[in-house]
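Since the structure comes first, as structure tokens, the remarks are kept for the end.
The values are calculated or read from the model by the stated rules, or taken from the named source; none is laboratory data. Everything quoted here is computed from the prediction, not taken from an experiment. Virtual Cβ from ideal backbone geometry, glycine too; neighbours counted across all protein chains shown. Keep in mind that these areas ignore ligands, DNA and RNA; they rest on the heavy atoms of the full protein, side chains included. Shrake-Rupley method; radii C 1.70, N 1.55, O 1.52, S 1.80 Å.
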Amino acid sequence: MRRKHDKPQSKRGFTSETPPAQPKTAAAAIARINPFMYGLLGALGVLVALVLGGIVNQLATVLVYIGVAIFLALGLDPIVSFLERKLPRPAAVAIVVAGVVLAFAGVILAIVPILVEQVANLIENGPQMVKDIMASDWFKDLNAQFGSTFEDAANGVLSFLQDPGNLADIGGGVFAVGAGIAGGFTGVTIVLILTLYFMASLRSMKSVAARFVPAYQRDTFSGLLDDVSGAVGRYVIGQASLALVNGVLSLIFLSIIGAPVPALLALIAFIGSMIPLVGTLSASIVNSLICLIVSPVTALIAFVYYLVYMQIEAYVLSPRIMNKAVAVPGALVVIAAVAGGALGGILGALVAIPVAASVIIIVQKVVFPTQDSKTVPPGTLSER
């Protein structure tokens, strides 16, 4: 029989005086106390996320400088490591940085005076250049074949250059371009300084990054980090080698055929070759169009030269250099370059291929071994 003092029990065996379950998290406690407070905290979280996004947007230029400097530091690190075999690391870093600075200063001193002189000559001698073009035989032949279209266009250009107001607009545009060049020079200087610091402290940066990983995984993480940084460095060296070949050959050939400002055109070819896929083609078209200033024959010769060079680069130079630098399948190269260009423009296309190589290394050394180690379905015991 049940005693009178026994307390009634629920179906689960708890007494009627069992206290209700307490919330396990602070957010659940707040939501239980006041739903409005829970919603307010959520809104504050969204607001903080928006503020952080605005800060990142404002610092976009700084982040680009840092990213480019790290990219260059990783690219120059193989050269530093090579010199480090015979010299201390600070001396090796100083030699590499001095070489980069001297090369940059040499390009500036070789190109800027010529560029300023050519712009001044264009403003001063523009009307006479148009008259000379109109008096040339090839212009008369085109005018005879297509009517007065070319003559009307040339007269329009001539009247535009002879108007002092338009020349003032050209001068203002040149001033704006000069301001842009000055801003670019400042950005390049900042990148060079950051590259110096990153090159000098690259090993300590890797050590600090490894400290964020648990101790039992640090060796694997450090090896993976070395492989990724090595892939980026080999890619930068390989791409710079291709660009240097294009620039030197362009300087020699354009000087032979009498192209205008061959040093500037060689620089354009060098910069274009640093951009995967479309860079060499774009630079070749620009240089061929600039050669029109001399004559259509010179432009045609330059175009044929670049057409032949692109075939040699695609089938001879690039496979020999880039296959040793970074092993990325051709389809992934195209996809990575297009995606990087869509996301980040020229810089995005420039870093897309080493990023793809880094992803391949991570997949091969982390994802595949992890999947290969799973020999039994989850939830089952392996046989002893």
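Treat each spin label as a single point 7 Å out from the Cα along the C-beta direction, and report the Phe212 to Ala60 distance in nm.
Result: 2.4 nm between the two label points.
Once phi is turned into ³J(HN,Hα) by the Karplus curve 6.51 cos²θ - 1.76 cosθ + 1.60 with θ = phi - 60°, what whole-Hz value does each residue of the stretch 69-75 show in order, with x for glycine and proline?
Listing the rounded values in order: 5, 5, 4, 5, 4, 5, x Hz.
Tell me, what HN-Hα J-couplings in whole Hz come from the Karplus equation 6.51 cos²θ - 1.76 cosθ + 1.60 at θ = phi - 60° for each residue of the stretch 279-288, using x for Gly and Pro?
x, 5, 5, 5, 5, 5, 5, 4, 5, 5
Run the 1.4 Å probe and let me know the accessible area of Ile275, rounded to the nearest 10 Å².
We get 30 Å² for Ile275.
Can you compute 3J(HN,Hα) from phi for each residue in the stretch 56-63, using the Karplus curve 6.51 cos²θ - 1.76 cosθ + 1.60 with θ = phi - 60°, rounded to whole Hz and x for Gly and Pro?
For the stretch 56-63, the Karplus curve yields 4, 5, 5, 8, 4, 5, 5, 5 Hz.
For the stretch 242-295, what's the relative contact order in percent, using C-alpha pairs closer than 8 Å and at least 6 residues apart?
On the way: 51 pairs, mean separation 19.4, N = 54.
36 percent.
Express in Å², to the nearest 10, the accessible area of Ser204 obtained by rolling a 1.4 Å probe over the protein heavy atoms while all chains stay in place.
Rounded to the nearest 10, that gives 60 Å².
So for Leu267, Leu254, what's the accessible-area order with a 1.4 Å probe, most first? Walk me through the numbers on the way to the answer.
Numbers: Leu267 45, Leu254 0 Å².
Final ranking, largest accessible area leading: Leu267, Leu254.
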